[in-house]
Structures are given as C-alpha cells and as structure tokens.
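Worksheet for the structure shown next.
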Amino acid sequence: MSRLGRNVMLGIGGAIAALAVTVGRGEHKAVPGNVGAAEMTAGSGAVGGSSSSSTSTTTTTTTTSVMLPPSKRLVVDPNATVDLEKMELRGDRYVAPMSDGRMAVLTLDVRLQEAAEKVLDRSKAPRGAVVVTDRDGKILALAGRRTADPKGGKDGIVDRSLALEAWAPAASIFKVVSAAAMVEHGARGSDKVCFHGGVRSVMESNLVDSKKDRRCEDLSYGLAHSQNAIIAKVAHKRLEPTDLADAAGRFGFGKPLPFPAPAQFGTVTMPADKGVPFGRTAAGFEGVTLSPLGGAMLAGTIAHGGVAPTPTLVAAYLDGDRETPARPMPAPRRVLDENVATEVAAMMTETCKEGSAARAFNGREKIRDISVAGKTGTLSENQPVYTQYSWFVGFAPASKPTLTISVLLGNAELWHLKAHTAARTVLAEGLRPRAGT
C-alpha cells in the first residue's frame, strides 16, 4: 500500500478511536440529560472512565443500555373513576376497570348483588335500581336495569347508572327530611294533628285548622301512612322554607356526592314563602328529586343516629399482581342531633309495622323476628310516558341497623312489583344467617 493510503487508513482509525473515547466520557450529545437513576447506575462503570481501548469497548455497550426507553408504569390518578358498566365477577369478588388503567376491587357482596339483580328482573319495570349499604356506608349492592320497551318486560338491560342518578321525584321519601326538620323545631311523633283530605293532594284548607278537620292522628301516623295533610299542616305551623331548605342541604340535597363514579344525591327547589307550594314540597309532591344512592344515604343518616356515612365502593386497587388497599374515606359527618334521628327512626319503624309498608314486612312476610324501619313513596307522571315511581328506603334491624336499603322502580301502568316488596326480598337475603356465623 502507498504511503498516502496508509495515512488515510490511519486517519480513519484515529477518528474511530477518538469517537469511542468521547462516548466513554459521557460527552455524546445524543445521551438524554433526564435518564432515570437505574439506567445511569447500569452505566456507572463507564461514565467518566479512561480513554483506553478496553474502556472504549465497555462504554459502547453501556451507551446502548442508557439509550433504552424508561420503564412504563401506571400514573395513579387520585380522581380516577370506576367504569361500572365493565364490572365483572372474579372468584368471590367484583372488579371493574378504572380510568387510570388500574382495576378496582369493589366492596359489593356477591350474594346481595345477585339478589338485587334478580329482584329487578322479577319487577320487569321499565327502569329500576337497588342500593344496599352497611352501617359504615360500604356499598354491598348496586344494581340498575332498564328495558327498551317503555312498558317494561322480561328482557332487561343492565344500567347501573340508574342507581346513581336522580332520575325520579323524591315523592314521599322527602317526608323524612320534613319530619327531621319538624322535630328540630319542637315537634314530636306523638303530637296530635287534626286534618281532612290529604290522600293525594295538598290544598289551602289543609294548612290551617278547619271545621272539616274531623279526624285526628299523631305526626308518627302522618309519616308512617304518608298522610299529606298532616305533614303539610305541621310544616306550615312549625317551619319556614329556609328551615326545610337547611335540613335538606345537610342531608345532601344539592351538594356534590363523593363517589368514584358519576353520582348525584338529589336536588331541591324550595318555595320562598309559605303556602300551598311549600306544603306540597314538604310532602314530596314537587321540587325535589333523589337518586337511589341518595336514598340509601338519607336512610343511613337516620339509621346511625344522625351521622351520614360516606358511600364507599372501592376496597382495593390492582396494579398487575400488586393489590393496594384503598385509602380511608373521609370521616362521617353529623347531619342531625342523635335525639332527632332517634325520633324520626321510631316514626319510620311504624311505616313497616302498621303503615304503608306493613303488608310487606308483617305476617308471613316478616323477616323472622327482625323489625324494619322505612319509608315508602309513590308518585305518577304522564310525560313522556306514564310512569309510577315506587320508592322504599329503610334499614334493618330497626333497633340496631346493619343494612340500609334504597329501591326505586319506575313502573308502567301494568306493574309486577312495588318497591317495598322488592326491598323486603333483598333485606331477607342480606339478613339471612350465613354458614359459620
């Protein structure tokens, strides 16, 4: 080879060697400045090393390691939501995907969830939902069903959002809020009230004492039997609209509901002045909506001495094979004084003992020797199609509650089941002794 050829080859070789030394010193501009700590450690034996040929060989391998993309890990979103439509049963527990890529292990009880779904199928209602909680607000059942046919039928579609949305008027369930506000302002369940009418309406004459008042019952009777004239009259005498609005707000109406899926408690539009509209609102005829979850929270507040439990749906999170317990929910908040809640709970017990739900919870239908407290509600609308909203919210055992339930059925004219009967079926399953207990 000529001298010129040898000089060219030597020049190329020197350039290659110089490049290797440059890489070995960590000066290559292609190496990112934000490489993770684990990747930098893997190349620590080469970074800043000598310019010897052995070092150059080592650093070539190390540079390849440094350039690998960082490992992919899920970014936990504290505001992630649960996709309940993709909920599934795995073994003995339900799981559902979350918006941040994790899987949520749900608090649902398999036996109660199945009982709730079966009773909705049995109802054949165009729309319906069931929510069951324990004393701490843990969701044990959350079921929703709708039919394509506005008249209902046996072919239903799972729609759990119906358990979380305020898609129906609160009807007489709102009487529980009214009763609590009345007790706060001096009323008692034993107070005698003389009245007339009030079976399906509230009129001006129902609000004040009248010669037509030929029957007298107590306030407890008014709540237990959903007697509209009694509730409207006591509300007119004892309360200002601001008093009832305040009580409704403390229960949760019109307030955000902390929950890992889109959910509402309910809404309230309170008349500014006393009169028939205020009496109708106190009785639940107008101005108030409620979700089945909100109904369960409302009943739970009365059941547990005026303290509103925080609804809890997620027990743990799954990230691959790793399971992490969910963080504790916010502490329960006090809504009512304990003595107020106790007074209202006694009235609700009369509902299931001799009031509007007595047929579902007494006689052969009685759940062993367990007393149930509750409230029924019924209200019909004709638009866009005829719908009779049938409600039941309550808790059992009445003396020491362990389960709270809320059932809402949007029935057609031809109905198969009322809410209090559906509630009894689910409660009977939940209160049935389990093996080993």
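Taking K and R as +1 and D and E as -1, what net charge do the other residues with C-beta under 10 Å from the C-beta of Ala129 add up to?
Working: positive: Arg127, Arg145, Arg146, Arg160; negative: Asp159, Glu165.
Residues near Ala129 contribute +2 overall.
By the scheme Lys and Arg +1, Asp and Glu -1, what is the net charge of all other residues having a beta-carbon under 11 Å from that of Leu84? Please report the intermediate quantities before stating the final value.
Numbers: positive: Lys86, Arg160; negative: Asp83, Glu85, Glu88, Asp159.
It works out to a net charge of -2.
To make sure I understand the rule: partners must be lysines, Cα under 19 Å from the Cα of Lys124, and not fewer than 8 residues away in the same chain. Which ones qualify?
Hits, sequence-local ones excluded: Lys151, Lys154, Lys418.
In a shell of Cβ-Cβ distance under 13 Å around Met348, excluding Met348 itself, what net charge do Lys and Arg (+1) and Asp and Glu (-1) give? Intermediate results must be reported in sequence, preceding the final value.
Numbers: positive: Lys175, Lys353, Lys375; negative: Glu343, Glu350, Glu354.
That works out to 0.
Residue by residue, what Karplus-based ³J(HN,Hα) values in Hz, rounded to whole numbers, does the range 313-321 have, using 6.51, -1.76 and 1.60 with θ = phi - 60° and x for Gly and Pro?
Values, residue by residue: 10, 9, 8, 7, 10, 10, 10, x, 8 Hz.
FYI, it's all coordinate maths here, none of it is from the lab. On a predicted model such as this, the values are computed, not experimentally measured, just so you know. Here Cβ is always computed from backbone atoms with ideal geometry, including for glycine, and neighbour counts include all displayed protein chains.
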